[in-house]
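Asks: Structure below; questions to follow.
The values are calculated or read from the model by the stated rules, or taken from the named source; none is laboratory data. Since the model is a prediction, treat every value here as computed from it, not as a measurement. So basically every Cβ, Gly included, is an ideal-geometry build from the backbone, and we count neighbours across all protein chains shown.
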Amino acid sequence: MNMQALRDNSVQLEIYDSLMIHSQGHENDHILASILASWQTNEGVFTDWLGLGEKAFREMMLFHFPEFSLENFTNSGQSLDAERFDERDELTQLLSSFCAGKTKSESWMTEMLVNACQGQDHLWQDLGLWSRKDLTLLMQQNFPSLAARNDKDMKWKKFLYKQLCITEGIYTCRAPSCEVCADYQVCFGPED
């Protein structure tokens, strides 16, 4: 979502501001407040409880925004695509192996990223983030060594799936390098 659209969405800003007032100053607070505000205004692709399950969702909220009241929060009613569970497990394993400090917050971010990868838009949009820059920050804070591998600024969802292919020894690209590939703009072009 561009900044003008964000300014026009006063409900989203109100939710974000309310969350940040209750923020504990943890590294992921801004990112989570953005995701939560978008989720509550039907942006992104999240299932109920952001795909975390009710218990983990409540734990996350207590950790990041302990005084925030959940009474006005509603679930999306969306469900996960069961046919993609194997893929979800592989993405979870990949991201978990790169967590910065193996903290609970990183595990929640891992689960949310995996869920958002099931969407059809750019990963930052599927997460309900307000810009690709926020996704890059999320990746750098939670998965720094993995983020550092994206030194050519590949689109994040494509990058994650490419990492899965590399892990499995699957090389489906026909070009000898990304720089000479006919689909270069599909993987590396602007996302905003």
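Asks: Can you name the residue in the range 28-83 that is out of contact with any Gly (no Cβ under 9 Å at 6 or more places or on another chain) and among the acidic types (Asp, Glu) and is also surrounded by the most Cβ atoms within 10 Å (Cβ to Cβ) among such residues?
Replies: Asp29
Asks: If you go through the range 121-140, how many residues are surrounded by fewer than 18 Cβ atoms within 10 Å (Cβ to Cβ), of a type in the set (S, T, N, Q) and either free of Cβ contacts under 8 Å to residues at least 24 places away in the same chain or part of a helix (DSSP H, G or I) (or both)?
Replies: 2
Asks: Of the residues Phe188, Phe159, which single one is modelled with pLDDT of 60 or more, in contact with a helix residue (DSSP H, G or I) (Cβ under 9 Å, 6 or more places away or on another chain), surrounded by 12 or more Cβ atoms within 10 Å (Cβ to Cβ) and under 16 Å from Glu90 (Cβ atoms)?
Replies: Of the residues listed, the single one that is modelled with pLDDT of 60 or more, in contact with a helix residue (DSSP H, G or I) (Cβ under 9 Å, 6 or more places away or on another chain), surrounded by 12 or more Cβ atoms within 10 Å (Cβ to Cβ) and under 16 Å from Glu90 (Cβ atoms) is Phe159.
Asks: Could you list, in sequence order, the residues of the range 95-140 that are over 14 Å from the mean Cα position of the chain (by Cα) and either of a type in the set (A, V, I, L, M) or modelled with pLDDT of 95 or more (or both)?
Replies: Hit for the range 95-140 is Ala100, nothing else.
Asks: I've got another one for you. Yes or no: the range 69-82 includes at least one residue that is aromatic (Phe, Trp, Tyr) and over 17 Å from the mean Cα position of the chain (by Cα).
Replies: Yes, the conditions are met somewhere in the range 69-82.
Asks: Can you name the residue in the range 10-40 that is among the hydroxyl-bearing types (Ser, Thr, Tyr) and touching a residue at least 60 places away in the same chain (Cβ under 8 Å) and, of all such residues, is nearest to Lys104 (Cα to Cα)?
Replies: Out of the qualifying residues, it is Ser34.
Asks: Further, regarding this structure: Residues being among the acidic types (Asp, Glu) and either at pLDDT 90 or above or under 17 Å from the mean Cα position of the chain (by Cα) (or both): count how many of those fall in the range 83-94.
Replies: Within the range 83-94, residues that are among the acidic types (Asp, Glu) and either at pLDDT 90 or above or under 17 Å from the mean Cα position of the chain (by Cα) (or both) number 3.
Asks: Just checking, does the range 11-21 include any residue being surrounded by 11 or more Cβ atoms within 10 Å (Cβ to Cβ), modelled with pLDDT of 90 or more, within 17 Å of Thr103 (Cβ to Cβ) and within 19 Å of the chain's Cα centre (by Cα)?
Replies: Within the range 11-21, not a single residue is surrounded by 11 or more Cβ atoms within 10 Å (Cβ to Cβ), modelled with pLDDT of 90 or more, within 17 Å of Thr103 (Cβ to Cβ) and within 19 Å of the chain's Cα centre (by Cα).
Asks: When only residues in the range 50-80 that are part of a helix (DSSP H, G or I) and closer than 17 Å to Ala37 by Cβ count, which is modelled with the lowest pLDDT?
Replies: Once the filter is applied, the top-ranked residue is Gly51.
Asks: For Pro144, work out the one condition from (1) under 17 Å from Ile31 (Cα atoms); (2) in contact with a helix residue (DSSP H, G or I) (Cβ under 9 Å, 6 or more places away or on another chain) it doesn't fulfil.
Replies: Unmet condition: (2).
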